[in-house]
Amino acid sequence: MKISIVGIGLLGGSLALQAKEKGLTTKVVGVDNNPEHAAQALQLGIVDEIVSLEEAAQTTDLLVLATPVNVIIRQLPQVLDLIGDKTIVMDVGSTKHTICQAVSTHPKRKQFVAAHPIAGTENSGPEAAFPGLLKRKIMILCNRHESDHQAFEQVVNLSKHLEMHLSYMEAAEHDRHLAYVSHLSHISSFALGITVLDKEKDEKSIFEMAGSGFSSTVRLAKSSPQMWAPIFTHNTENISVALDAYIKKLQYFKEIIDNQDEAKSKELMQQANEIRRVLLGIDKKLTNL
């Protein structure tokens with residue numbers, strides 16, 4: 001199978017490397033408008049060749065759109081216009097509803113599979129890619145009824161060969177859930193980073209006191225603005241609802257602290273500690289795949 005990766009960054013590059021490692025592809029070609037990224041992808045062996053979007057669409061078995069979501073929305077109709085009858089297109093964008101809407105009436109809609117691998121780091125670009133990123137992670141596939149059965153099963157089989165756990169849901173449901181468990185956490189990290197940087201202007205020694213807790217909490221603030229700003233734009237309604245709920249919890253926490261109500265503070269943190277049980281259960285499930 002010949003695979004084309006459009007946008008050779010963390011996700012696209014890691015998928016290519018893992019597919020090569022598993023022997024799932026005879027050739028990987030890359031498409032990237034950034035000449036530096038294209039050169040790095042070739043040098044690192046992520047792709048075997050750099051071609052144009054038009055050539056990739058017309059000469060591949062599977063085309064993976066791994067660009068920012070606003071770019072995917074623009075590229076997807078163009079790609080579907082170009083592909084032959086046997087080519088499958090999938091994306092790996094972090095929002096799904098607007099992407100699916102963009103091609104809902106396209107005559108080749110059935111050749112597209114809307115996908116989102118729940119995997120990533122705070123790093124970006126070809127140098128951030130590594131073959132183990134997707135292993136034992138969740139691949140969410142959306143709106144399966146809108147895709148051709150054979151095309152959908154091809155992506156299912158690819159995900160299984162990449163050792164991923166599969167989950168199926170509607171695009172709107174996906175975006176609603178991701179607003180809480182992914183998009184909100186990134187916003188929190190960005191906001192914390194900005195807050196501490198503002199304080200650092202007055203107190204130069206503040207970062208000397210930052211420990212591992214701060215580093216782990218603010219890690220996501222290093223994520224690519226070029227990728228995340230479009231995500232926030234294309235999931236605005238769900239993110240706004242999630243932010244309202246989060247802000248209310250922050251305000252409640254502030255009231256407890258202002259009132260020096262240690263009993264309520266402990267109670268609130270004990271409620272939050274339940275997240276440990278949930279996350280351990282998920283880790284165990286994925287490890288046993």
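Within the stretch 153-178, track down each residue that is in contact with a Lys or Arg (Cβ under 7 Å, 6 or more places away or on another chain), assigned to a helix (DSSP H, G or I) and crowded, with 22+ Cβ neighbours inside 10 Å.
Within the stretch 153-178, H174, D175 qualify.
Report, ordered by the first and then the second residue, all pairs with beta carbons closer than 6 Å, sequence separation of six or more or different chains, a first member in the stretch 151-178 that is closer than 21 Å to L63 by Cβ, and a second member that is buried (at least 20 other Cβ atoms within 10 Å of the Cβ) and small (G, A, S).
Close Cβ pairs (under 6 Å, with a partner that is buried (at least 20 other Cβ atoms within 10 Å of the Cβ) and small (G, A, S)) amount to L166/S159.
For the stretch 84-127, which positions are farther than 19 Å from N235 by Cβ and not in a loop (DSSP other than H, G, I, E, B)?
I88, V89, M90, R109, K110, Q111, F112, V113, P126, E127
Out of curiosity, is I73 in a helix (DSSP H, G or I), among the β-branched types (V, I, T) and assigned by TED's automatic domain parsing to the domain that holds S159?
Answer is yes for this residue.
Being exposed (fewer than 13 other Cβ atoms within 10 Å of the Cβ) and either without any contact (Cβ under 8 Å) to a residue 40 or more places away in the chain or of a type in the set (F, W, Y) (or both) narrows it down to one of E200, E267, so name that one.
The conditions single out E267.
Can you tell me which residue is surrounded by the fewest Cβ atoms within 10 Å (Cβ to Cβ) among those in the stretch 203-225 that are without any contact (Cβ under 8 Å) to a residue 24 or more places away in the chain, in a helix (DSSP H, G or I) and of a type in the set (A, V, I, L, M, F, W, C)?
Going through the qualifying residues, I end up with M209.
Answer yes or no as to whether A114 is of a type in the set (A, V, I, L, M) and surrounded by fewer than 20 Cβ atoms within 10 Å (Cβ to Cβ).
For A114, the condition - of a type in the set (A, V, I, L, M) and surrounded by fewer than 20 Cβ atoms within 10 Å (Cβ to Cβ) - is not met.
If you go through the stretch 142-152, how many residues are of a type outside the set (S, T, Y), outside any helix (DSSP H, G or I) and touching a Leu at 6+ places or on another chain (Cβ under 9 Å)?
Selection size over the stretch 142-152: 0.
Please work out which one of (1) of a type outside the set (V, I, T); (2) modelled with pLDDT of 95 or more; (3) outside any helix (DSSP H, G or I) is the condition E255 fails and give its number.
With respect to (1) of a type outside the set (V, I, T); (2) modelled with pLDDT of 95 or more; (3) outside any helix (DSSP H, G or I), E255 is out only on (3).
Here's the yes/no breakdown for (1) under 24 Å from G9 (Cβ atoms); (2) modelled with pLDDT of 90 or more:
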{"position": "D198", "(1), (2)": "no, no"}
{"position": "E203", "(1), (2)": "no, no"}
{"position": "S212", "(1), (2)": "no, no"}
{"position": "S216", "(1), (2)": "yes, no"}
{"position": "A221", "(1), (2)": "yes, yes"}
{"position": "A229", "(1), (2)": "yes, yes"}
{"position": "T233", "(1), (2)": "yes, yes"}
{"position": "V241", "(1), (2)": "no, yes"}
{"position": "K249", "(1), (2)": "no, yes"}
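Can you tell me which residue is surrounded by the fewest Cβ atoms within 10 Å (Cβ to Cβ) among those in the stretch 179-197 that are hydroxyl-bearing (S, T, Y) and in contact (Cβ under 8 Å) with a residue 60 or more places away in the chain?
Going through the qualifying residues, I end up with Y180.
Considering only residues that are touching a Ser or Thr at 6+ places or on another chain (Cβ under 9 Å) and hydroxyl-bearing (S, T, Y), look in the stretch 188-232 and name the one that is farthest from T95 (Cα to Cα).
It comes out as T217.
The values are calculated or read from the model by the stated rules, or taken from the named source; none is laboratory data. Because the structure is predicted, anything quoted here is derived from the model rather than measured. Cβ coordinates were reconstructed from backbone atoms using ideal geometry, including for glycine residues, and neighbour counts include every protein chain displayed.
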